[in-house]
Amino acid sequence: MQRRYRTIDQRLKEVDDGPCVLTVFANPDDAEKRYLIEELKLDEHTLNSALDPDELSRLEFEPEHVALIFKRPKSYSSTDDFLFKVSSVGAFLFKDRLVIVLAEDVPLFDGQQALRGQTPAFLLLRLMYRTIFHFLEHLKIIATISDELQIKINRAMENRHLINLFTLEKSLVYYLNSINTNGALLEKLRLNAPKIGFSPEELELLDDTQIENSQCYKQAEIYSNIVASLMDARASIAGNNLNVLMKTLNMITIGIMVPTFVVSAFSMNVPIPMQHHPLAFYLIMTLAVFSALVFFVVWRRRGW
């Protein structure tokens, strides 16, 4: 699917034809891929990398354009079961326009937000800046979900909630890797700024993007450490609860065995004391109850 944009009154507006500053190809079909390779001279491997969710961020210089692959959060679906995924975006910067290739059709810019610059390079940096805030929005959602899961785990130790928490931890690992590779890409852009031809305004936006990406990485790292600590704490609590439960069951078993031993001793098929006494049954039962009480008193005093 192809969409074309032009800046009108400092805002991106979608147009059907004519000159455009931004072209977006969302999940391109075979015909659109041929157009990108044959007409725009995009490298086929780089084009396929833009659609590969496992591809790392990188920067390449081609004769007629600059090719970038960077990471962005993938739109979350309820079928993902708390797994927040990442996707790749291919950005191909020409002198007169910017071409974006991605695997899913998602809004890349805020339609009502005014753009200070109208150059393709400014749009590229603005897109990467917006991607960082997309990561931050997902991190806030992950933090909220982890708090809710913690409450549910405190109420009921179910494996389902622990698995969901583990899935969130896995998502944060993916996010950390993606944000880190984006940071390396931004650093390469800063080093090659004269070669790309960034203006002073674009360099200022690039510096702001680097700062925001660094803060985003630190925040993701904090959330990852918190979720990992929660996982370790829940495992320790579960093990401690199991030990307490086994201890209680052992005490109950021993407490039952003491009066059982007394009753069994007077139930043997051999001559025993008081076997002809008229109150033998009541005496034996009293002795059994008394032995159980003695055991529980000793248990309490020794703090077992």
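For THR248, are the conditions met, namely being of a type in the set (Ser, Thr, Tyr) and at pLDDT below 80? The answer is yes for THR248.
What residue, of LEU42, LEU136, is at pLDDT 90 or above and part of a loop (DSSP other than H, G, I, E, B)? It is LEU42.
Please count how many residues of region 5-39 are within 12 Å of ILE100 (Cα to Cα), of a type in the set (S, T, N, Q) and in a loop (DSSP other than H, G, I, E, B). Total meeting the criteria: 1.
With respect to the conditions (1) modelled with pLDDT under 80; (2) within 31 Å of the chain's Cα centre (by Cα), VAL258 lacks only one, and its number is (2). Any chance region 81-102 includes a residue that's more than 25 Å from PRO200 (Cβ to Cβ), surrounded by fewer than 12 Cβ atoms within 10 Å (Cβ to Cβ) and assigned by TED's automatic domain parsing to the domain that holds LEU186? The answer is yes, given that some residue of region 81-102 is more than 25 Å from PRO200 (Cβ to Cβ), surrounded by fewer than 12 Cβ atoms within 10 Å (Cβ to Cβ) and assigned by TED's automatic domain parsing to the domain that holds LEU186.
Residue-by-condition table, conditions (1) surrounded by fewer than 15 Cβ atoms within 10 Å (Cβ to Cβ); (2) part of a helix (DSSP H, G or I); (3) within 18 Å of the chain's Cα centre (by Cα); (4) not charged (D, E, K, R):
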residue	(1), (2), (3), (4)
ASP147	yes, yes, yes, no
LEU162	no, yes, yes, yes
LEU172	no, yes, yes, yes
ASN180	no, yes, yes, yes
GLU187	yes, yes, no, no
LEU205	no, yes, no, yes
ILE211	yes, yes, no, yes
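Output the residues belonging to region 6-29 that are over 13 Å from PHE122 (Cβ atoms), touching a residue at least 24 places away in the same chain (Cβ under 8 Å) and surrounded by 16 or more Cβ atoms within 10 Å (Cβ to Cβ). Correct list: ARG11, CYS20, THR23, VAL24, PHE25, ALA26, PRO28.
The values are calculated or read from the model by the stated rules, or taken from the named source; none is laboratory data. What you see is a predicted model; the values in this text were computed from it and never measured. Neighbour counts are summed over all protein chains in view; Cβ atoms, including those assigned to glycine, are modelled from backbone coordinates with ideal geometry.
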